[in-house]
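Notes follow once the structure below has been shown.
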Amino acid sequence: MQSEPETVCNVAISFDRCKITSVTCSCGNKDIFYCAHVVALSLYRIRKPDQVKLHLPISETLFQMNRDQLQKFVQYLITVHHTEVLPTAQKLADEILSQNSEINQVHGAPDPTAGASIDDENCWHLDEEQVQEQVKLFLSQGGYHGSGKQLNLLFAKVREMLKMRDSNGARMLTLITEQFMADPRLSLWRQQGTTMTDKYRQLWDELGALWMCIVLNPHCKLEQKSSWLKQLKKWNSVDVCPWEDGNHGNELPNLTNALPQGANANQENLGQCKSLEYQHLPAHKFLEEGESYLTLAVEVALIGLGQQRIMPDGLYAQEKVCRNEEQLISKLQEIELDDTLVKIFRKQAVFLLEGGPYSGLGEVIHRESVPMHTFAKYLFTSLLPHDAELAYKTALRAMRLLVLESTAPSGDLSRPHHIASVVPNRYPRWFTLSHIESQQCELASTMLTAAKGDVRRLETVLESIQKNIHSSSHIFKLAQDAFKIATLMDSLPDITLLKVSLELGLQVFPSSVVIIIKERNLMQCC
């Protein structure tokens with residue numbers, strides 16, 4: 001600023017193998033990140049490397065001096081900084097002249113300008129004390145004054161470090177986690193039996209997600225992972241460590257606003273998708289020809305979405321399961337499928353249908369397995385233009401909702417790669433059940449729309465609806481959908497779809513009302 005007096009700061013930066021390993025600045029600013037003066041000097045060194053003179057390690061320079069030069073060097077150094085270094089210089093001189101001193105038992109002398117050994121680990125400079133103080137300060141503000149935003153910036157910094165394979169990423173996350181664990185509010189909430197705030201819980205979610213990135217990093221050494229596992233177990237054993245699904249309160253929030261419902265949700269999301277262009281970058285190190293980073297990313301996403309997993313117990317964790325699934329599908333919807341990606345979809349759909357206990361679309365699943373309705377709808381719409389038979393097979397398999405069944409199919413237990421469905425004598429607390437049933441209804445409606453004019457497939461979809469959908473309101477909605485699709489203004493009525501509508505109506509209406517509807521529809525058709 002022009003109104004501020006110009007100040008001169010003394011900045012020292014140490015480098016080791018293209019990394020800044022230590023910084024000092026006389027400005028006195030205390031922060032996690034580098035001050036403006038350190039950044040300025042770093043940029044100056046990058047942009048004008050010839051202007052910054054490169055010196056040999058001081059030990060090499062001293063080695064080239066004779067006795068007179070060495071004496072002159074030391075005396076001038078003491079003269080310039082006599083008040084600062086004279087006591088230390090006198091002490092070192094006394095120790096060197098003493099034959100039995102500890103300093104004379106060591107060969108050579110340290111040289112801070114020589115840098116680390118080639119075998120030593122080199123890390124970017126990280127002020128651990130400042131990291132701890134900053135996180136503690138942000139947490140103490142309780143989400144006010146933009147503290148949540150500041151913590152998210154720290155998380156973003158950790159992600160950046162992990163991307164650059166900087167070992168400080170794990171160090172920094174460890175420091176952040178320790179401060180989260182030391183937050184006094186955890187004990188207070190536990191004593192009072194109250195739940196933590198949603199913003200605070202989201203910060204813990206981000207914390208857990210970052211630790212997953214670290215422990216799954218294929219470039220980390222085994223001893224590092226063992227050390228992190230030990231530390232994570234230690235944190236997990238602390239009483240105040242929050243559960244993933246949060247504390248169980250007596251009051252259940254309204255999930256209608258928390259999760260997108262019905263047919264408008266994705267828009268028996270899309271509108272927000274940015275227009276991005278994804279390209280195939282060749283991955284030369286992989287075995288199969290034609291693979292790219294894009295195909296690998298899509299395949300990993302499909303594998304993750306299709307894995308069988310048990311619905312967690314808590315309300316928050318169940319919401320997160322639905323939210324994370326829909327967010328990942330929303331990202332996949334941004335990608336335009338070409339022939340290469342369609343092959344990936346076909347391959348994964350077949351694997352999931354034929355898979356054993358690891359597949360959520362396998363022949364036999366656990367009764368409390370997370371339903372595949374949302375994922376199957378995406379697979380169905382993606383595969384339908386290319387392989388209709390596989391699309392319907394996948395969607396029909398996913399229609400089941402075993403948690404509402406009084407009995408579950410036993411499956412072919414003679415096949416060792418299948419697991420039997422477990423049917424306990426209780427209904428688990430599925431807080432997101434209404435949302436799940438709406439997604440089941442959306443899947444069925446999507447199949448009815450696509451099957452218009454195909455008698456065989458319409459009958460198959462109707463049979464699946466009658467078998468798997470238990471909500472009368474959703475069956476009624478599907479009856480309405482089938483009627484609307486069958487009587488579109490720009491085409492003749494579809495008799496089979498009208499029959500489907502009547503059959504579904506028969507399940508939810510008294511017989512007298514169904515007869516009236518049937519007569520009215522027959523009159524319209526005539």
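The values are calculated or read from the model by the stated rules, or taken from the named source; none is laboratory data. Note that the coordinates shown come from a computational prediction; the quantities given were computed from them, not determined experimentally. Here the Cβ positions follow ideal geometry from the backbone for every residue, glycine too, while neighbour counts run over all protein chains shown. For accessibility, only protein heavy atoms count, side chains too; no ligands or nucleic acids. Shrake-Rupley method; radii C 1.70, N 1.55, O 1.52, S 1.80 Å.
Listed by chain and number, the aspartates and glutamates whose alpha-carbon sits under 13 Å from that of residue 30, ignoring those within fewer than 8 places in the same chain, are 127, 128, 129, 133.
In this calculation the C-beta distance from residue 9 to residue 44 is compared with R0 = 22 Å, giving a FRET efficiency of 0.95. Packing here is the average count of other Cβ atoms within 10 Å per residue, and on that basis the peptides 391-402, 450-461, highest first, run 391-402, 450-461. For segment 128-237, with equal point scatterers placed on the C-alpha atoms only and solvent neglected, what are the log10 I(q)/I(0) values from the Debye formula at q = 0.10, 0.16, 0.22 1/Å, to two decimals? Listed by q, the Debye log ratios stand at -0.30, -0.75, -1.32.
Seen from all sides and averaged, what is the projected area of the convex hull of the Cα atoms in segment 43-152, in nm²? About 13.3 nm², averaged over all directions.
In this view, the solvent-accessible surface of residue 98, computed with a 1.4 Å probe and all protein chains in place, comes to about 50 Å². Modelled this way, with points 7 Å down the Cα-to-C-beta line, the labels at residue 384 and residue 74 are 8.8 nm from one another. Here the accessible area of segment 58-104 is 58 percent carbon and sulfur, with a 1.4 angstrom probe and all protein chains present. Applying a DSSP loop filter and a limit of 10 other Cβ atoms within 10 Å to the trypsin sites (Lys or Arg not before Pro) in segment 289-383 leaves nothing. Using θ = phi - 60° in the Karplus curve 6.51 cos²θ - 1.76 cosθ + 1.60, the 3J(HN,Hα) couplings for segment 312-319 round to x, 6, x, 4, 5, 5, 5, 4 Hz; x is entered for Gly and Pro. For residue 299, the accessible surface of its heavy atoms amounts to roughly 20 Å² (probe 1.4 Å, protein chains only, rounded to the nearest 10). Taking all C-alpha pairs of segment 58-104, those more than 14 Å from each other amount to 61 percent. Solvent-accessible surface (1.4 Å probe) assigned to residue 221 amounts to roughly 120 Å². Sorting the segments 200-206, 236-242 by their mean number of nearby beta carbons within 10 angstrom, highest to lowest, gives 200-206, 236-242.
The stretch between residue 212 and residue 111 holds 32.4 nm of extra length on full extension. This uses 0.36 nm per residue minus the Cα-Cα distance.
Computing Rg and the Kirkwood Rh from the Cα coordinates of segment 11-51 gives a ratio, Rg/Rh, of 0.96. Ordering 131, 52 by accessible surface, largest first, gives 52, 131; the 1.4 Å probe counts only protein heavy atoms, with every chain in place. The string of couplings for segment 217-224 from the Karplus curve (6.51, -1.76, 1.60, θ = phi - 60°) is 5, x, 8, 7, 6, 4, 5, 5 Hz, one whole number per residue in order, with x for Gly and Pro. Given the C-alpha centroids of segment 166-188 and segment 355-393, what is the distance between them in whole angstrom? Comparing the Cα centres of segment 166-188 and segment 355-393, I get a distance of 39 Å. With a simple spin-label model that places each label point 7 Å from the Cα along the Cα-to-Cβ direction, the separation between residue 293 and residue 102 comes to 5.1 nm.
Applying a DSSP loop filter and a limit of 13 other Cβ atoms within 10 Å to the chymotrypsin sites (Phe, Trp or Tyr not before Pro) in segment 277-326 leaves 286.
Overall, the accessible surface of segment 11-51 at a probe of 1.4 angstrom is composed of carbon and sulfur to the extent of 55 percent. For residue 21, the amide hydrogen comes within under 5 Å of the amide hydrogens of 14, 15, 16, 125, counting only partners 5 or more places away or on other chains and with H modelled in the peptide plane. Applying 0.36 nm per residue to the separation of residue 192 and residue 82 and subtracting their alpha-carbon distance, the gain on full extension is 33.5 nm.
In order along segment 126-134, the Karplus-derived 3J(HN,Hα) couplings, from 6.51 cos²θ - 1.76 cosθ + 1.60 at θ = phi - 60°, round to 9, 7, 4, 4, 5, 4, 4, 5, 5 Hz, and Gly and Pro are given as x.
Backbone amide hydrogens, once placed in the peptide plane, bring residue 370 within less than 5 Å of 309, 310, 311, excluding anything fewer than 5 places away on its chain. Estimated from the Cβ-Cβ distance and a Förster radius of 22 angstrom, the FRET efficiency linking residue 327 and residue 350 is about 0.30.
When a 1.4 Å probe is rolled over the protein heavy atoms, the share of accessible surface on segment 128-237 that falls to carbon and sulfur comes to 53 percent.
Within segment 206-245, list the residues whose amide N lies under 18 Å from a label point set 7 Å along Cα→Cβ of residue 132. Taking a point 7 Å out along Cα→Cβ of residue 132, the residues of segment 206-245 whose backbone N falls under 18 Å are 231-232, 235. Structure note, pairs 230/347; 225/343; 149/343; 393/484; 199/234: Cα-Cα distances above 31 angstrom occur for 230/347; 225/343; 149/343.
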